[in-house]
Amino acid sequence: MTSVSLGIPTVKEAPRVLAPRRVSRTFAVGDIFMGGDAPISVQSMTTTPTHDINATLQQIAELATAGCDIVRVACPRQEDADALPAIAAKSPIPVVADIHFQPKYVFAAIEAGCAGVRVNPGNIRRFDDQVRDIARAANDHGTALRIGVNAGSIDQRMMKDLQRVTPEALVESAVWEASLFEEHDFHNFAISVKHNDPVIMVEAYRQLAARGDWPLHLGVTEAGPAFQGTIKSSVAFGILLAEGIGDTIRVSLSAPPVEEVKVGNQILQSLNLKPRKLDIVSCPSCGRAQVDVYTLAEKVTEGLKHLEVPLRVAVMGCVVNGPGEAREADLGVASGNGKGQIFVKGEVIKTVPEADIVEVLLEEANRIAATMDAAEAGAPSVAVS
């Protein structure tokens with residue numbers, strides 16, 4: 001019989017990824033490193049008026065708790081610029097000021113101690129004339145920049161003969177602006193070339209990745225409401241991250257910013273680019289199910305949402321896939337005929353009535369979580385069928 005490799009992992013093998021990371025330069029945004037082999041960071045943006053310091057800091061705290069690494073705050077007015085020193089000093093995560101139209105606010109943000117400034121050269125007046133002074137100020141203060149090029153605010157020189165934005169126009173605009181900073185020996189910046197069409201966005205980032213070693217900030221801009229935006233972002237990010245392209249991400253949703261962070265982290269965890277925490281796997285709709293799988297899955301998910309350890313739980317509803325999935329998980333149930341077999345680390349520990357499945361699973365999950373060493377636990381997941 002011919003020997004066939006099954007790709008069986010060793011105990012200590014790192015989680016498998018689809019492609020090695022693209023090689024990019026490294027720089028710091030506050031205490032978060034970006035590029036190189038630094039972890040891919042998750043970003044979001046506050047929705048509060050920045051000049052409302054308490055409300056903004058409260059939302060930043062909520063984002064940080066949800067797993068946000070870097071937060072952006074809008075700075076359209078002088079009162080917002082005046083609030084930046086207090087926000088930058090008290091925020092638990094690095095603050096990036098979002099600047100449009102007024103170059104004076106770029107300098108105000110740098111002076112305020114923001115970890116970074118997002119500039120969109122296409123909509124800042126006479127931006128090219130300001131580059132030398134911005135680069136000098138940013139270097140002096142250790143401030144990072146993101147050069148943002150969007151479909152809605154691309155350098156109009158790139159649109160001279162175009163009816164609509166193309167990947168090539170986005171890339172040429174970004175490369176031009178990057179070259180201006182590099183002429184002044186400033187290299188601590190990432191680039192984004194966002195578009196609301198995932199196909200155009202993916203092609204633009206592929207072209208940009210081939211042109212230089214700049215760290216890249218991925219985003220599908222104006223992605224839409226929560227459902228649509230999650231799908232568009234997941235598709236686009238999945239393609240690029242699977243090719244090793246991307247150093248930081250922001251999921252743009254017409255939804256509370258905490259939801260953006262949750263989606264972003266889940267995308268990274270799904271690709272093994274971030275350590276998995278609670279991973280819930282459940283059956284799709286199926287006529288084989290002999291218990292109320294939907295309700296079981298929802299109750300288990302809700303009851304375990306507080307866990308921060310890498311725990312895989314399987315809630316399965318039929319005898320076809322149920323026992324196998326439950327055995328593969330850290331904790332699982334294979335359900336049928338009004339009862340469920342509870343598995344822990346592949347072994348059946350008890351059989352309980354359907355009415356008791358959720359309670360027993362939650363008890364066992366909390367018991368396992370209390371004894372797990374997260375550093376050694378690998379990347380388990382939760383399966384519901």
Pull up the cross-link candidates among the aspartates and glutamates for Lys194, meaning alpha carbon to alpha carbon under 19 Å and not fewer than 8 places away within one chain.
Asp98, Asp155, Glu168, Glu172, Glu177, Glu203, Asp213, Glu222, Glu243, Asp247, Glu260
Once every DSSP H run of n ≥ 4 in the chain is given -39500 (n - 2.57) and the sum is divided by its residues, what mean residue ellipticity at 222 nm do you get, rounded to the nearest 500 deg cm²/dmol?
-12500 deg cm²/dmol
Give me the distance in nm between label points sitting 7 Å out from Cα along the Cα-to-Cβ direction at Asp133 and Ser179, one decimal.
2.5 nm
So what's segment 163-263 giving for Rg/Rh, alpha carbon basis, Kirkwood Rh from the mean inverse pair distance?
0.99
Using the heavy atoms of the protein chains alone and a 1.4 angstrom probe, what is the accessible area of segment 61-137 per residue in square angstrom?
40 Å²
Inter-site label distance for Lys350 and Asp31 at 7 Å from Cα along Cβ, in nm
4.3 nm
His51: net charge of surrounding residues, Cβ under 15 Å, Lys/Arg +1, Asp/Glu -1, itself excluded?
-3
Tell me, what is the percent relative contact order of segment 78-201, built from C-alpha pairs under 8 Å that lie six or more residues apart?
22 percent
Tilt of helix 127-141 relative to the longest C-alpha principal axis of the chain, in degrees (0 to 90, nearest 10)?
60 degrees
Write down the radius of gyration of the chain and its Dmax, each obtained from C-alpha positions, in Å.
23.8, 76
For Cα pairs less than 8 Å apart in space and 6+ apart in sequence, what is the mean separation divided by the residue count of segment 50-90, i.e. the relative contact order in percent?
63 percent
Over the chain, what percent of the accessible surface lies on carbon and sulfur atoms, probe 1.4 Å?
53 percent
If you wrap a convex hull around the alpha carbons of segment 194-335, what volume per residue comes out, as a whole number of Å³?
132 Å³
Remind me, relative contact order of the chain in percent, using alpha carbon pairs under 8 angstrom and six or more residues apart?
14 percent
Relative to the longest principal axis of the C-alpha atoms of the chain, give the angle of the C-alpha long axis of helix 103-112, reported between 0 and 90° and rounded to the nearest 10°.
60 degrees
Work out how far the C-alpha atoms of segment 20-67 reach from end to end along every principal axis, then list the three figures in whole Å, largest first.
41, 19, 16
Output the Kirkwood hydrodynamic radius of segment 57-157, Cα pairs only, in Å rounded to one decimal.
13.9 Å
Here the equivalent ellipsoid of segment 113-204, derived from its Cα gyration tensor, has semi-axes (largest first, whole Å) of 24, 14, 10
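The values are calculated or read from the model by the stated rules, or taken from the named source; none is laboratory data. Quick caveat, the model's predicted, so the values are computed rather than measured. Heads up, the Cβs are rebuilt from the backbone with ideal geometry, glycines too, and the neighbour counts pull from every protein chain shown. For the accessible areas, the whole protein counts, side chains as well, though only heavy atoms, and no ligand, DNA or RNA atoms are used. Shrake-Rupley method; radii C 1.70, N 1.55, O 1.52, S 1.80 Å.
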